[in-house]
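Here's the structure, in structure tokens; my notes come after.
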Amino acid sequence: MATARGKSSLSSGKSPSFKRLLRRPGIVAGSSILVLMILLIVFGPLFVRNDPDLVNMAIRLQGPSLAYPFGTDQLGRCLFSRLVEGAGSTLGISSMVIVMVMLIGIPLGLLSGYIGGKVDTFLMRIVDGLSVLPDFLLVIAISGFLGPSMENMVVSIVLINWLGYARIVRGIVLSEREKDYITAAEVAGGNTWTVLWRHLLPAVLPPVLVYAALDIGKTILVISSLSYLGLGAQPPSPEWGAMLNDGRPFFQTQPELMIYPGVAIMLVVIAFNLIGEGLRDGLDVRGKQG
């Protein structure tokens, strides 16, 4: 009974309902942008049925038309089709990265914060050691060492991004493990895994989800930046960062080759940041994240 009372106190009426969260302006605005992007990914190819990888030098660098709504690039490929294809690639890869780093960072943070001792010391030494340099520089170094490819880029980002999740989860667990409901669970005979997954995991999920919503925008920027540098998506993949790199030599004469993917990246990053900020304010997790 004590455990139940402790858990119920954690999820008391302080947390806003799902419907109230959905009415927050930031979440509404960000979700609207993402819904429009998803609709474009799903239905765009039904209206413009051009192969995003088909090269046709006879129509290179053409302006917008009914057949090519955004015109064509330096190889005569449909810019609209490549943007739509790139949206699925960029959003899909960034979402996969976030899921992977959460699957690594959350369990390690739980173990480090709750067990403590040598486990905590060992894990935090790794986190502190890898946090000395900026994340982006480490990702570039690992990507360069592994070689340019989409798979190696994902591995590089995951190897660095889990650090932030582990640190946040550890901090929350260090605070929560001293509370009455954890003590009650331990007195009632709950083993380590029961306490971690049944009691502490629900406490860390709201702040972690907020952090993930904010982090996915950063991840999209990192993916696009690595592709722009030639370390991520390789030709002819229509990833947005790679499209920026392809259009760079033509910026003065055909700026739309860089403007379209640049605006797409900006809108998606803004959307996720708005959602993250809305969730953070709605769930009131500023203190826990700090």
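The values are calculated or read from the model by the stated rules, or taken from the named source; none is laboratory data. Nothing here was measured: the structure is a model prediction, and the numbers come from that model. Cβ coordinates were reconstructed from backbone atoms using ideal geometry, including for glycine residues, and neighbour counts include every protein chain displayed. All accessible areas refer to the heavy atoms of the entire protein, side chains included, with ligands and DNA or RNA removed. Shrake-Rupley method; radii C 1.70, N 1.55, O 1.52, S 1.80 Å.
For the chain, lysine pairs separated by 8 or more sequence positions, or belonging to different chains, with Cα-Cα distances below 19 Å total 5.
Axis of helix 150-176 versus longest Cα principal axis of the chain: the two differ by about 30°, to the nearest ten degrees. Electrostatic bookkeeping for Pro238 treats Lys and Arg as +1 and Asp and Glu as -1; over the other residues with beta carbon under 10 Å from its beta carbon, the sum is -3.
Taking the charge dipole of the chain about its Cα centre, with +1 at Lys and Arg Cβ atoms and -1 at Asp and Glu Cβ atoms, the residue from Gly117, Leu54, Pro255 reaching farthest to the positive side is Gly117.
Per-residue Karplus couplings for the range 93-103, computed as 6.51 cos²θ - 1.76 cosθ + 1.60 with θ equal to phi - 60°, are listed in order as 5, 5, 5, 5, 4, 4, 4, 5, 5, 5, 5 Hz, Gly and Pro entered as x. Given the choices (1) 0.96; (2) 1.07; (3) 1.03, Rg/Rh (Cα atoms, Kirkwood Rh) derived from the coordinates of this structure is entry (2).
Put Trp162, Trp197 in order of accessible area, highest first, and with a 1.4 Å probe you get Trp197, Trp162.
The Leu46 and Leu66 beta-carbon pair, evaluated with R₀ = 22 Å, returns a calculated FRET efficiency of approximately 0.90.
Quick check: from the Cα gyration tensor, does the range 195-290 come out rounded (a/c under 1.5), prolate or oblate? Because a/c hits 1.5 or more and a/b exceeds b/c, the range 195-290 counts as prolate.
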